[in-house]
Amino acid sequence: MDFLNLIWLIPLFPLAGAASMLFFGKLLDPQPPSTVAVAPGVEPVYEHGHGGHHAHAHATHDHGHSGHDGHEHHHSSPLKALIKIICPGMVLLSFLFSAGAVWQLSQQPERVKQIVQFTWIAGLPFHMANGHLATFSIDWGFLLDPLSSVMILVVTGIGFLIHVYATGYMDHDTGFYRFFGYFNLFIFFMLMLVLANNYGLLFVGWEGVGLCSYLLIGFYFHKKSAGDAGKKAFIVNRVGDAGFVLGMLLMLSVLGTLRFTSVNALLRSGQFAPETAGFGVLSAIALLLFIGATGKSAQFPLYVWLPDAMEGPTPVSALIHAATMVTAGVYMVARSAALFQLTPSTSTVVATVGAFTAILAATIALVQNDIKRVLAYSTVSQLGYMFLALGVGAYWVAVFHLFTHAFFKALLFLCSGSVIHAMGGEQDMRYMGGLKNKIPITHWTMWIGSVAIAGIPGLAGFFSKDEILWQAYSSPQGSKLLWAIGLATAAMTAFYMWRLMNLTFYGKSRVQPEVAAHIHESPAAMTAPLMLLGAGSVFAGWLGTPRLWNLGENFHAFETWLAPSFASAAVEAAKEGEHAASTEWILMGFSVAIAIIGIAVARWFYHHKPEIPDTLETQLKPLHGLLYNKWYVDEIYDFLFVNGLGKGGGRVLGEFDRKIVDGGVNGAGWLTRAGARASMWWDTWIVDGAVRFSSFFIKMLSYPVCILQTGRVQAYAFFVVIGALAFFGYYLAH
Amino acid sequence: MLDTVLFYIFALLVLGGGILTITRRNAVHSAISLIVSLLGVAGLYLTLSAEFLFAVQIVLYVGGIMVLFLFVIMLVNLDQAAKERQFNRQWWVALAAVLAVGGAIGYFLYRGKDAFHFAEAAAGQAASVLGNTEQVADSLFTEYLLPFEIASVLLLVAVVGSVVMAKKRI
Amino acid sequence: MMHPVSTIHYLALSAALLLIGTVGVLTRRNVVIILMSIELILNAVNINLIAFSHALKSVNGQVFAIFVITDAVAEAAVGLGILIALFRNKETVLADEIDLLKW
């Protein structure tokens, strides 16, 4: 089977799954009327197993678990199992075809396969900035090269595992078929995004995953907070998308094409000089594209939607907001590597924003109480790492971190979902504790994930994160400051992850009694993916060991595999020789040490001496408040944009409408009335006046004549005589 | 000679009667004065050799119209009217105008007095053997037949009209 | 003595009678007297006609005079009828007081 020519099937399978859910979903999973299921989470009362917990201030509840106390579950039709087979099955098919295609690609001498299926937008001629005539066309084409091959394997592989997990997690939820329909649709759009051969089609996927994110975040649409979170995600994304579109248009104007191969060829041909001094037009393009990436990948200042996105079900958080959608921005910047390589100033911006976001999110994660919030900010922080890597020119490292992060972050989210499932819906870590022996599989897989993210050598996170820190230090575009920020963030990462572990699994149980009675391990559908992802977190990292360790080419395959995509082999080789190996060892030691210290401090704080964090909290109350309230960024945005632009603008426009527009209308009315008055005056005095005057005139003329009409006959006879006299006079005269 | 004297006597009757007619307060006196004037006019007709007309004047005018006048005067009670002012306020204007007309007519007559001498030769020829009445009848029933018939229709209309006008209830 | 009586004298007499009649019509208030003055005028006209008939040795003048008399008869009859009707309605025979057609 020639998988390379069947690339078009890879996105088609999940699309077929989504379409089947659209047409047949209701048939397969009819929703019986259920008093609880109708409003999951609006009135959280006895079903959710944490009836007494309304006092605490967490905002999100993963309310998919209304039925686990056993006395309530709706009878699902046997055909529901079909949904469980169709949708994950479609993703599995995509994964198998992707694997086959990638394998066949690797056998080819030139690892690029581009297929244009058909032309979507036909050629519209237009003038470029330099006056040349170009045609604007977007084709429906697929490009399979090393970069996109990594992406499709991650998307379909981890997507499949999460689908399987979701069959167990979402089993008791209403809207089961709707969920899987959206889920499959998301996989379709994500695959379109990564397989596109031009920016236009990439943008189609970009928007599509934004749409699915909105649909899935607002899955529990009966809850206002879920709907609001969905809207927030979409709107903040939109801000970024505006930049993306502007960047695409500017690219069209300057380069005349949107196709990746053509753009890269133009940029690497030497026509454009690197813009080392300040910002030029290429920097503008790069910056605009980066703004789009900022929105999609939740970097500062457009990261505010990601923590709120935890309103969605946990599988959604795992797949979309950890492994795949948020990495679309990273993928896009990596795809535009040729552009960023020519614009060092924009790369610096990218690195700075990434580093800043990383440390900002890490500080917020230190004090959050909701288990999913901690993981959400952790995601933002790790994405910051990826952009830091992109910014310093280490493109393959960023993709590598994306790869490893997908494994352990998805694992962490799914484990947290398992914990929440076990706790019957409880998400606040202050009411957990001592769960280690009660949910062992969840505990050990989460332990693996935490170790991975903390950067302990041997597991995946260490290799990618350490490489990022090294590149931040050593790359010509890096700096010691960036390295220091990265290191501090790593310390905080280790700390808050172990804080999470301690609060959740170790120590005394702070669980509510009625919840404690129902703690149970998750079903196999959920634990199996956990274990597979755990294995991945352990072994995935070994594909990118540092050259320093000299373990042979196989353990360094990731970089070599991706090298053709970035045409950076020569650059990498040049960079390798600039710093001494000893520096690298020392820095590696630093990052390991800092991770161990972070873990130890967390253990000390939360396991041995739990009163210390409480004391710190009360003593450093302002600082704690600042961190707990996310640096008040949401409040600032609210004030500036929602109230300022939104309501303020609304007020201004309202005044405009009332005063000027309505004023104009009222003025027109007044003018009409005034005109009517003038017209009435004219009619009364001039027109009627003329009529009345004419009658008056005639009357005046007739007065002398009227006097003659006395009514007396003798007077008339007298006039006869006068007439005779007149005749005589006439004859006399003549 | 006789003609002259007769003329002046009849002229005096006519004018005197006329003046009396228009100046009497009592309507009956006025009517009697008018009769006198009409008799004088009849006499003038006679001097002008219009015998038939003399007879017609007496019979019709005096005997018919004046009798009618007197009847109507009796019918309409004019005692109250007799006590009123007889002449209207504009009498002097009327008098002036009439005097002016009279002056004009006098002037015309004076200027044209020579034109009223007609040739006597017409007397010799066509000396008709017929008497005046026959001559008038001759002319009336041959040459002026149509006006005669129309005049009779006029009289018929006048009869009907006066009867209708005088009825108390139509 | 004067000149022999000629046509002129009759014309002058006729003119004088006409004027007298006119004065009567224009001046008197009593309608009966006005009607009588109209008769005077008609008679003046007749005198004129007969005088000329005599002077011209023609009988036409006399025939015309007959018609005038006929006319005067008719008019006097109708006029008196109107007077009676007027007296019945307005209780007055004074021409001054009958000004219903005043503007």
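Under the Kirkwood approximation applied to all pairs of distinct alpha-carbon atoms, what is the hydrodynamic radius of segment C:29-94 in Å? Intermediate values should be presented prior to the final figure.
Working: mean 1/r = 0.0757 Å⁻¹.
One decimal place: 13.2 Å for the Kirkwood radius.
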For segment A:81-181 the trypsin sites (Lys or Arg not before Pro) that pass both the DSSP coil test and the at-most-12 other-Cβ-within-10 Å test are none
Select from A:189, A:247, A:258 the residue farthest towards the positive end of the dipole of segment A:114-272; place +1 on Cβ of Lys and Arg, -1 on Cβ of Asp and Glu, and compute about the Cα centre.
A:247
First select every other residue whose beta carbon is under 14 angstrom from the beta carbon of residue A:670; then total the charges, Lys and Arg +1, Asp and Glu -1.
+1
Measuring from the longest principal axis of the C-alpha atoms of chain B, the long axis of helix B:145-166 (C-alpha) lies at a number of degrees, nearest 10, equal to 10 degrees
Please compute the net charge surrounding residue C:79, taking Lys and Arg as +1 and Asp and Glu as -1 over other residues with Cβ under 14 Å from its Cβ.
-3
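Out of the chymotrypsin sites (Phe, Trp or Tyr not before Pro) in segment A:212-267, which ones are loop residues according to DSSP with at most 15 other C-beta atoms within 10 Å? Intermediate results must be reported in sequence, preceding the final value.
Values: sites: A:214, A:219, A:220, A:221, A:234, A:244, A:260; in loops: A:219, A:220, A:221.
Passing both the DSSP loop test and the Cβ count: A:221.
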In square nanometres, what is the average projected area of the Cα convex hull of segment B:131-170?
3.4 nm²
Please build a GNM for chain B, connecting alpha carbons under 10 Å apart, and tell me which residue among B:95, B:46, B:60 fluctuates the most.
B:95
With angles folded into 0 to 90 degrees, how steeply does helix A:662-681 sit against the dominant principal axis of chain A? Use alpha carbons for both and round to 10.
0 degrees
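How large is the charge dipole for segment A:410-538, taken about the Cα centre, if only the Cβ atoms of Lys, Arg (+1) and Asp, Glu (-1) carry charge, to the nearest 20 debye?
Dipole of segment A:410-538, to the nearest 20 debye: 280 debye.
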Let me know the Kirkwood hydrodynamic radius for segment B:1-86, please, with Cα pairs as the basis and the value in Å to one decimal.
13.7 Å
Quick one: 3J(HN,Hα) in Hz for segment A:706-712, Karplus 6.51/-1.76/1.60 with θ = phi - 60°, rounded, Gly and Pro as x.
4, 4, 5, 8, 7, x, 9
Summing -39500 (n - 2.57) over the DSSP H runs of n ≥ 4 in chain A and dividing by its residue number, what mean residue ellipticity at 222 nm do you reach, to the nearest 500 deg cm²/dmol?
-21000 deg cm²/dmol
Kirkwood-Stokes translational diffusion coefficient of the protein assembly as shown, alpha-carbon pairs, 37 °C, 0.692 mPa s, µm²/s:
84 µm²/s
Taking each residue in B:89-99, count the Cβ atoms of any other chain within 10 Å of its Cβ, then average. What number comes out?
6
If you place +1 on the Cβ of every Lys and Arg and -1 on the Cβ of every Asp and Glu, how big does the dipole about the Cα centre of segment C:29-94 come out, in debye to the nearest 20?
60 debye
Assign unit charges at the C-beta atoms only (+1 for Lys and Arg, -1 for Asp and Glu), then state the dipole size of chain A relative to its Cα centre in Debye, rounded to the nearest 20.
1480 debye
So for segment A:339-396, considering every pair of alpha-carbon atoms, how many percent are separated by more than 19 Å?
34 percent
Arrange B:32, A:660, A:519 by Cβ neighbour counts within 10 Å, fewest through most, would you?
A:660, B:32, A:519
Given a 10 angstrom Cα cut-off, can you work out which residue in C:75, C:91, C:39 is the most mobile in a GNM of chain C?
C:91
Alpha-carbon spread of chain B, three principal axes, descending order, Å
60, 42, 28
Considering only A:167, A:686, A:594, whose Cα is most displaced toward the positive end of the charge dipole of chain A, charges sitting on Cβ of Lys, Arg (+1) and Asp, Glu (-1)?
A:686
With the dipole of chain A defined by +1 on each Lys or Arg Cβ and -1 on each Asp or Glu Cβ, the option from A:660, A:177, A:698 whose Cα lies farthest towards the positive pole is A:698
Which pairs break 28 Å Cα to Cα here: A:232/A:409; A:438/A:609; A:296/A:621; A:609/A:630; A:372/A:480?
A:296/A:621; A:372/A:480
Charge tally for neighbours of residue A:237 with beta carbon under 10 Å away, counting Lys, Arg as +1 and Asp, Glu as -1, is +1
Under a plain spin-label model, where a point goes 7 Å from the Cα along Cα-to-Cβ, how far apart in nm are residue A:24 and residue C:100?
11.2 nm
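Ignoring everything except DSSP H segments at least 4 long, calculate the 222 nm mean residue ellipticity for chain B; use -39,500 (n - 2.57) per segment, divide by total residues, nearest 500. Walk me through the intermediate numbers first.
Details: 9 runs with 117 residues, N = 170.
Mean residue ellipticity at 222 nm (helix-derived): -22000 deg cm²/dmol.
Coordinate-derived values only; no laboratory data. None of these values were measured; they are calculated from a predicted model. Methodologically, a virtual Cβ is constructed for each residue, glycine included, from the backbone with ideal geometry; neighbour enumeration extends over all protein chains shown.
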